[in-house]
Amino acid sequence: MVVRVQAADFDLAAELSDFGLGAGAVVTFTGLVRDHDQGGLREMLIEHYPAMTEPALTAIEARAKSRWNLADSLIIHRFGALKPGDRIMMVATAARHRGDAFQAAEFLMDYLKSRAPFWKKEITDKGESWVAAKDSDEAAIDRWS
Amino acid sequence: MVVRVQAADFDLAAELSDFGLGAGAVVTFTGLVRDHDQGGLREMLIEHYPAMTEPALTAIEARAKSRWNLADSLIIHRFGALKPGDRIMMVATAARHRGDAFQAAEFLMDYLKSRAPFWKKEITDKGESWVAAKDSDEAAIDRWS
Amino acid sequence: MIDILYFAWLRERIGLPRESLATEAATVAELIAELSMREERYRLAFSDLAAVRVAVDQTMVEFDAPLKGAREVAFFPPMTGG
Amino acid sequence: MIDILYFAWLRERIGLPRESLATEAATVAELIAELSMREERYRLAFSDLAAVRVAVDQTMVEFDAPLKGAREVAFFPPMTGG
């Protein structure tokens, strides 16, 4: 189980080179900066709460590990100024069976979306605005309870 | 949408280098040869039905694409003699929203397990045997109907 | 003439991956009956049809599917991909 | 003294990321009331508490949570990670 919070980009292949050895199933999710619905996104600024971020991610990961039979898991989340197309974050899960790997990865993502102390601001041609939390993300959490 | 059936290994990073550009969410699944439950796996032989394999995979992919809002998808499946730890296959899905990417990847995997013409044989220290289809894999298909 | 393909343990039990056959069989079931009468190894391979799947011209079908116009029939166990 | 941290639009509206405060507030709600009385920018930042989340010593809590022994209180909007 690894958690990393960093400004730097990450390389999926390097992260997975010795990930989940012996497991039959590896699932990854990569989140990328996509253009704003109205277009014209110049930059996405990601702010976080350093003292809380790693403990929060570690707690989320521990919860996944207690719930599914995981051989390994990994969470990487970036902060700072990102451009459209840039990688924002990734999770990876390894398990003997694919169902565990898929479900744990979805669980990690759902919790990352609304239980990890990150906030996103979009700088577009027309101005800047904080990304609002979505009701659908809050609802996604409920399915695990 | 890409489908490849090959004896050669594949490189996850290379496959994903220009995959899903503009999408916000990329999900991958990688299947690896894991040791037999009773241990002592020397080799896994994967046989396929060449004339049917690509059409079958393409049909599965088209079905996923008609069901979810996908920006891109990829299926690679190997055949031939593999060793424990080797990559067997991968799927990748890219979508605007993570739910679509996750569900489509699970769908592709469920169909690959029991609707793509591959057969696996395990060579262990004690002998060789064809991997039996699992009832759970057949049941996994049903949840999409 | 029709091409008949065998995969996995069907290929092993029958002892060949492919053969060509002139047959009057109207359905897959009739073809199986014809093969099974031919030699013991076919009879054994087809003894439990619950464990056998069939594709006609690369499309999976039931055993009562017609063979009219078919060029290729493939027999194999349930698939185990992924 | 207690450290108070602000993130995202709360940081922007209040105009600073962090401050230290000597307070008698017994709960988070009392602290918010105290800050809101101090200056207009605080009052505005805390005008819609449905849009505000709070953590005491890096653990998320409700507004009625006690502050006894707390070293750090952080205010922020709902998280938008991932």
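The values are calculated or read from the model by the stated rules, or taken from the named source; none is laboratory data. Keep in mind it's a predicted model, so treat the numbers as computed, not measured. For neighbour counting, all protein chains shown are included, and Cβ atoms are generated from backbone atoms with ideal geometry for every residue, glycine included.
If A:Val131 satisfies every condition in (1) surrounded by 23 or more Cβ atoms within 10 Å (Cβ to Cβ); (2) in contact with a Lys or Arg (Cβ under 6 Å, 6 or more places away or on another chain) but one, which is the exception?
Tallying (1) surrounded by 23 or more Cβ atoms within 10 Å (Cβ to Cβ); (2) in contact with a Lys or Arg (Cβ under 6 Å, 6 or more places away or on another chain), A:Val131 fails exactly one: (1).
List the pairs whose first member sits in the stretch B:4-31 and is over 16 Å from A:Arg87 (Cβ atoms) and within 10 Å of chain A (Cβ to nearest Cβ), whose second member is of a type in the set (A, V, I, L, M, F, W, C) and in a loop (DSSP other than H, G, I, E, B), and whose Cβ atoms are under 6 Å apart, counting only residues at least 6 apart or on separate chains?
none
Quick check on C:Arg53: is it under 22 Å from B:Pro55 (Cβ atoms) and touching a residue at least 40 places away in the same chain (Cβ under 8 Å)?
Criteria not met by C:Arg53.
Only one of (1) of a type in the set (Lys, Arg); (2) surrounded by 19 or more Cβ atoms within 10 Å (Cβ to Cβ); (3) more than 14 Å from chain B (Cβ to nearest Cβ) fails for C:Arg41. Which number is that?
Exception for C:Arg41: condition (2).
Here is a list: C:Asp57, C:Asp48, C:Asp64. Which entry is surrounded by fewer than 17 Cβ atoms within 10 Å (Cβ to Cβ), closer than 14 Å to C:Leu5 by Cα and either within 11 Å of chain B (Cβ to nearest Cβ) or not small (Gly, Ala, Ser) (or both)?
Only one candidate passes the filter, namely C:Asp57.
Does A:Ile88 satisfy being of a type outside the set (D, E, K, R), more than 10 Å from every other protein chain (Cβ to nearest Cβ) and under 22 Å from D:Phe76 (Cβ atoms)?
no
Can you work out which of the residues in the stretch A:111-136 that are touching an Asp or Glu at 6+ places or on another chain (Cβ under 7 Å) and more than 8 Å from every other protein chain (Cβ to nearest Cβ) is nearest to A:Ala25 (Cα to Cα)?
That would be A:Glu122.
More than 14 Å from chain B (Cβ to nearest Cβ) and more than 28 Å from B:Asp135 (Cα to Cα) - does that describe any residue in the stretch C:3-12? Outline the logic, then answer.
Our first condition is that a residue be more than 14 Å from chain B (Cβ to nearest Cβ); within the stretch C:3-12, this holds for none.
No, every residue in the stretch C:3-12 fails to be more than 14 Å from chain B (Cβ to nearest Cβ) and more than 28 Å from B:Asp135 (Cα to Cα).
Grab the strands (runs of 3 or more DSSP E) fully contained in the stretch A:78-145, keeping just those with 3 or more residues being over 17 Å from the mean Cα position of the chain (by Cα) and farther than 20 Å from A:Trp68 by Cβ. Let's see the steps before the verdict.
Values: elements: A:80-82, A:87-95, A:118-124, A:127-130.
Fully inside the stretch A:78-145 and qualifying: A:118-124, A:127-130.
Are there any strands (runs of 3 or more DSSP E) wholly within the stretch A:1-77 with 3 or more residues that are at pLDDT 95 or above and under 13 Å from the mean Cα position of the chain (by Cα), and if so which?
Working: elements: A:2-6, A:25-32, A:41-48.
Once the strands (runs of 3 or more DSSP E) in the stretch A:1-77 are filtered for at least 3 residues that are at pLDDT 95 or above and under 13 Å from the mean Cα position of the chain (by Cα), what remains is A:2-6, A:25-32.
Assess whether D:Leu31 counts as being part of a strand (DSSP E or B), touching a strand residue (DSSP E or B) at 6+ places or on another chain (Cβ under 8 Å) and in contact (Cβ under 8 Å) with a residue 40 or more places away in the chain. It would help to see each step written out before you state the result.
Working: part of a strand (DSSP E or B): no; touching a strand residue (DSSP E or B) at 6+ places or on another chain (Cβ under 8 Å): yes; in contact (Cβ under 8 Å) with a residue 40 or more places away in the chain: yes.
Considered against the rule, which asks whether it is part of a strand (DSSP E or B), touching a strand residue (DSSP E or B) at 6+ places or on another chain (Cβ under 8 Å) and in contact (Cβ under 8 Å) with a residue 40 or more places away in the chain, D:Leu31 comes out as no.
Hey, could you check the stretch B:35-81 for residues that are of a type in the set (Lys, Arg) and either within 11 Å of chain C (Cβ to nearest Cβ) or more than 23 Å from A:Leu21 (Cβ to Cβ) (or both) and say which is surrounded by the most Cβ atoms within 10 Å (Cβ to Cβ)?
Across the stretch B:35-81, the extreme among qualifying residues is B:Arg78.
Looking at this structure, is C:Ala25 within 14 Å of chain B (Cβ to nearest Cβ), over 17 Å from B:Trp119 (Cα atoms) and part of a loop (DSSP other than H, G, I, E, B)? Let's see the steps before the verdict.
On the way: within 14 Å of chain B (Cβ to nearest Cβ): no; over 17 Å from B:Trp119 (Cα atoms): yes; part of a loop (DSSP other than H, G, I, E, B): yes.
Here the answer is no, as C:Ala25 does not meet what is asked.
For the stretch B:113-138, which residues satisfy the criterion of being of a type in the set (A, V, I, L, M) and either touching a helix residue (DSSP H, G or I) at 6+ places or on another chain (Cβ under 7 Å) or more than 20 Å from B:Met52 (Cβ to Cβ) (or both)?
B:Ala116, B:Ile123, B:Ala132, B:Ala133
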